[in-house]
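Q: I am attaching a structure below and will ask some questions about it afterwards.
The values are calculated or read from the model by the stated rules, or taken from the named source; none is laboratory data. If you're wondering where the values come from, they're calculated on a predicted model, not measured in any experiment. When we count neighbours, we look across all protein chains shown, and the Cβ atoms used for this are built from the backbone with ideal geometry, even at glycine. The protein model used for the area step is the full one, side chains on, heavy atoms only, and it has no ligands, DNA or RNA in it. Shrake-Rupley method; radii C 1.70, N 1.55, O 1.52, S 1.80 Å.
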Amino acid sequence: MTSILLVAERDGQGEISQSTLQAVAAAKSLSDSQVTVAIEGDAVKSGASLAVEKIVTLSPTDSGDAGIYDKATYDITSLISLINPDLVLFNKSDFGSVVGARLAFRSDYAFAADCIEISSTVTGLSVTRPVYGGSALAEFEIASTPAIVTLRAGAYETGTDTGSPIIEAFNSDGSVVGQGATTTDTVAEARDGVRLEDANFVVSGGRGLGGPEPFSLLNELADILGGAVGASRAACDAGWIDHSYQVGLTGKSVNPDVYIAVGISGASQHMSGCSSSRAIVAINKDGDSNIFKEARFGVVGDWEKVLPSFLATVRDLKA
Amino acid sequence: MTFRIVVLAKQVPDPETPPSQFKIDESTNSVFPPNGVPPVVNGFDLNAVEAALQLRDAGADVEITVLSAGSEFVMDAMKKPLAMGADRLVLIEDSSLGNIDSSGTVKILAAAIEKDGPYDLILGGRQASDWDQAHVTLGLAEVMGLPLVSLVQKLELNSDSVALQRVIPDGYQVIEAPIPVVLTVTNELGEPRYPNLRGIMQASRKKPEIFTLADLGFSSGDLAPKLELKKLYVPESNRQVELIEGEDEPDSGKQLALRLREEKLI
């Protein structure tokens, strides 16, 4: 039996996030798995039919701990001692990356970040993760338990199984060991439209655009498709668009149905943020660029000539 | 009072190495050093060096030590932070360090910091460009029992605390942390500065201070990896791109849209 503690996250509506549902599918793919889900705050509608054995609710954190995660690190460490799982599964999100690493090093557990595959072996677990900016894959065996693993979004398909988990509240002993850092304010930099991470269509621009102006065309296309605009690191570093639009290793990971890359060469650090898209569509004048090795559809040509007619045709099709 | 800052830095293969030169030795599960492309200091760690230098620029009295653990250091690469303006370079060099994982690295770095410290600020980059991991700095905070703030894009020193901005997807958090504190610095802080000639001259005269594992009270057996690397390989790309060619470029754009509709993608 593989006993798994899965630490859930919520989406913008407070329901269980798509990435967490994918993690459930990953957990269920292991042989004879028994899954307990931990979630901060009250259990939610989408949890009641989750295909797991148990849901444990943790008391919500306060705003002073936002982004620091002292409380989650403490609570989940306590929960691990209580239920002794073989595997603790997080999403490779900001929360999962920080809390997973902190509690693993706090208790000297094995930690594997950003995995795309997990399987059971005779002696323990095997995990696979991209390394060198996605140029290579590394497969590791972990013999000690519990193994703390973060899972890349899009690595598993969301499952369709349902279940009827028992729901329990976990009462921490209340002696949260804060380490002294305090969040005093959160400043939102307002953005219109669909969140990049949630978008079904992403239209991204890179160095080949040559300046900030062409992003208005990309915006127009994203609006028609009901999607969001993204960018490569080169475009962000050049100051053409804010860093919050960056897709890639050091930016956001997206997994839309269609990822349209305009003037992007497809360096591995960029691809690691979008390679789980269902279909990548590339427009680039250099037919040898790496993006065409990853794309399903492409046009080798000057975006200034290709994109306006593409946009006009999409507009007609959507009308 | 001098603020003592230590910046963690890692030597990595140059991430700008052309893909054609990226080769794996499957018999040893390691990357062949690319011909003629020397290693570099992890670019994200240079963001952390830049953060420390910006505190000096803002008028703080700081001493900046760069700390690295590894094997086969290339001095031209490792001295870059000194050329940018850091004061000291401390290297923990041991041939066995090529084969440990982050749990071992964290223990060694913590021991070196305790020996060489105390420090007021411990800074690291947001991740490494080789194994793409981001957790050595996070783990160090836990092992040393210090507060941790990740993804810092701005920092200001007060007498016994730091005022921070932490990047979140659509904005930032304002955070106050006591000193000493461990921070990971993100690339939003700004591009690392280029060394000037004077900096390069000064760096060339500085000698790194070397710690051995024995100096830190370790033997290599203490650092057995928790993750055993079974296989390192280049994934096969099984995608076959379908190139759309119209009569001219505008027509290709139109045909592309029609093809996507045909596939029910839009």
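Q: Just to be sure I understand the curve: with the Debye formula and one point per C-alpha of chain A, what is log10 I(q)/I(0) at q = 0.12, 0.14 Å⁻¹?
A: Cα-only, vacuum Debye calculation for chain A: -0.87, -1.10.
Q: I've got another one for you. When Rg is the radius of gyration of the Cα atoms in the stretch B:3-223 and Rh is its Kirkwood radius, what does Rg/Rh come to?
A: Ratio of gyration radius to Kirkwood radius: 0.95.
Q: Still on this structure, please answer the following. Give me a comma-separated list of calculated 3J(HN,Hα) values for the stretch A:29-39, in order, Karplus coefficients 6.51, -1.76, 1.60 applied at θ = phi - 60°, integers in Hz, x for any Gly or Pro.
A: Residue by residue, the stretch A:29-39 yields 6, 7, 5, 6, 8, 10, 10, 10, 9, 9, 9 Hz.
Q: Dipole magnitude of chain B about its Cα centre, charges +1 at Lys/Arg Cβ and -1 at Asp/Glu Cβ only, in debye to the nearest 20? Before the final figure, lay out the partial values.
A: On the way: 25 positive and 40 negative charges, 114 e Å.
With only Lys, Arg, Asp and Glu charged at Cβ, the dipole is about 540 debye.
Q: Using a 1.4 angstrom probe on heavy atoms only, work out the carbon and sulfur share of the accessible area of the stretch B:6-117 in %.
A: Looking at the stretch B:6-117 in its full context, I get 48 percent from C and S.
Q: On to the next question. Distance from the Cα centre of the stretch A:244-294 to that of the stretch B:122-199, in angstrom?
A: Between the Cα centres of the stretch A:244-294 and the stretch B:122-199 lies a distance of 28 Å.
Q: When all alpha-carbon pairs of the stretch A:2-169 are counted, what percent fall beyond 28 Å? Can you show the working numbers first?
A: On the way: 2014 of 14028 pairs.
When every Cα pair of the stretch A:2-169 is considered, 14 percent fall beyond 28 Å.
Q: Next question. Filter the cross-link list B:K10/B:K226; B:K107/B:K226; A:K293/B:K230; B:K23/B:K231 down to pairs whose alpha-carbon distance in this structure exceeds 24 Å.
A: A:K293/B:K230
Q: Also, quick follow-up: Does any residue of the stretch A:206-251 lose at least 40 Å² of accessible area with all protein chains in place compared with its chain alone, and if so which ones (probe 1.4 Å)?
A: By number: A:R233, A:H243, A:L249, A:T250.
Q: What value, in deg cm²/dmol to 500, does the helix sum -39500 (n - 2.57) over DSSP H runs of n ≥ 4 give at 222 nm once divided by the residues of the protein assembly as shown?
A: Taken over the protein assembly as shown, the calculation gives -7500 deg cm²/dmol.
Q: Take the solvent-accessible surface of the protein heavy atoms, probe 1.4 Å, and return the percent of it on the stretch B:138-227 that carbon and sulfur atoms account for.
A: Of the solvent-accessible surface of the stretch B:138-227, carbon and sulfur hold 54 percent.
Q: Projected onto the charge dipole of the protein assembly as shown (+1 at Lys/Arg Cβ, -1 at Asp/Glu Cβ, origin at the Cα centre), which of B:G246, A:Y245, B:Q173 gives the Cα projection farthest towards the positive end?
A: The listed residue farthest towards the positive side: B:G246.
Q: Same structure again: What's the total accessible area buried between chains A and B, using a 1.4 Å probe, rounded to the nearest 100 Å²?
A: On the way: alone 15690 and 15640 Å², together 24560 Å².
Adding both sides of the contact gives about 6800 Å².
Q: Please list the equivalent ellipsoid semi-axes of the protein assembly as shown, computed as the square roots of five times the alpha-carbon gyration tensor eigenvalues, in descending order and whole angstrom.
A: For the protein assembly as shown, the ellipsoid semi-axes come out as 37, 31, 24 Å.
Q: Determine the residues within the stretch A:89-106 where the difference in accessible area between the chain on its own and the full set of protein chains amounts to at least 50 Å²; count protein heavy atoms only and use a 1.4 Å probe.
A: Buried by 50 Å² or more upon assembly, which counts only protein chains, are A:R102, A:F105.
Q: How much space per residue, in cubic angstrom, does the convex hull of the C-alpha atoms of the stretch A:196-318 take up? Provide the component values of the computation, followed by the final result.
A: On the way: hull volume 10.6 nm³, N = 123.
Convex hull volume per residue, Cα atoms: 86 Å³.
Q: Considering only protein heavy atoms, what per residue accessible area in square angstrom results for the protein assembly as shown with a 1.4 angstrom probe?
A: 42
Q: Among B:L151, B:G125, B:I5, whose Cα sits farthest toward the positive end of the charge dipole of the stretch B:3-223 (+1 at Cβ of Lys/Arg, -1 at Cβ of Asp/Glu, about the Cα centre)?
A: Most positive-ward Cα: B:I5.
Q: Still on this model: Starting from the Cα of B:R198, step 7 Å along the direction of its Cβ; do the same at A:M1; then give the gap between the two resulting points in nm.
A: The answer from the label model is 7.0 nm.
Q: Where the only charges are on Cβ atoms (+1 Lys, Arg; -1 Asp, Glu), what is the dipole of chain A about its Cα centre, to the nearest 20 debye?
A: Computed about the Cα centre, the dipole is about 600 debye.
Q: Looking at chain B as a GNM with Cα springs under 10 Å, which of B:Q21, B:Q255, B:Q127 has the largest mean-square fluctuation?
A: Maximum fluctuation in the GNM of chain B, among the listed residues, is at B:Q255.
Q: Turning to a different aspect of this structure: For B:223-230, what's the mean count of beta carbons from other chains sitting within 10 Å of each residue's beta carbon? Mind showing how you got there, number by number?
A: Numbers: counts 0, 0, 3, 11, 13, 9, 5, 8.
Mean partner shielding for this stretch: 6.
Q: With a Cα-only, solvent-free Debye model of the stretch B:155-259, what are the log10 I(q)/I(0) values at q = 0.20 Å⁻¹?
A: For the stretch B:155-259 at q = 0.20 Å⁻¹, log10 I(q)/I(0) is -1.08.
Q: Please identify the DSSP H helices in chain A that span no less than 27 Å along the helix axis (Cα) and have a mean Kyte-Doolittle hydropathy of 1.6 or more.
A: Qualifying helices: none.
Q: Could you work out what % of the accessible surface of the stretch A:234-302 is carbon and sulfur, using a 1.4 angstrom probe and leaving DNA, RNA and ligands out of the count?
A: The nonpolar share, carbon plus sulfur, comes to 43 percent.
Q: Which sequence of B:D170, A:D173 reflects their accessible areas, 1.4 Å probe, from the largest down?
A: The ranking, largest first, comes out as A:D173, B:D170.
Q: Taking all protein chains together and a probe of 1.4 Å, list A:H243, A:H270 from the most accessible to the least accessible.
A: Working: A:H243 45, A:H270 5 Å².
Correct descending sequence by accessible area is A:H243, A:H270.
Q: Each label point is 7 Å from the Cα along the Cα-to-Cβ direction; what then is the distance between the points at B:A163 and B:T28, in nm?
A: 5.1
Q: Note down the relative contact order for the stretch A:176-319 as a percent, whole number, built from C-alpha pairs under 8 angstrom at least six residues apart.
A: 20
Q: Quick one: angle between helix B:102-116 and the longest Cα principal axis of chain B, in degrees between 0 and 90, rounded to 10, please.
A: 30
Q: Also: Using a 1.4 angstrom probe on the protein heavy atoms only, line up A:D94, A:D108 by accessible area, largest first. Could you put the intermediate results ahead of the total?
A: Values: A:D94 55, A:D108 75 Å².
Largest accessible area first, the residues go A:D108, A:D94.
Q: Hey, another quick one. Can you tell me the relative contact order of chain B? Whole percent, Cα pairs under 8 Å, sequence separation 6 or more.
A: Values: 477 pairs, mean separation 62.2, N = 266.
So the answer I get is 23 percent.
Q: Let me ask you something else. Suppose every Lys and Arg Cβ carries +1 and every Asp and Glu Cβ carries -1, with no other charges. What dipole size does the protein assembly as shown come out with about its Cα centre, to the nearest 20 debye?
A: Its charge dipole is roughly 520 debye.
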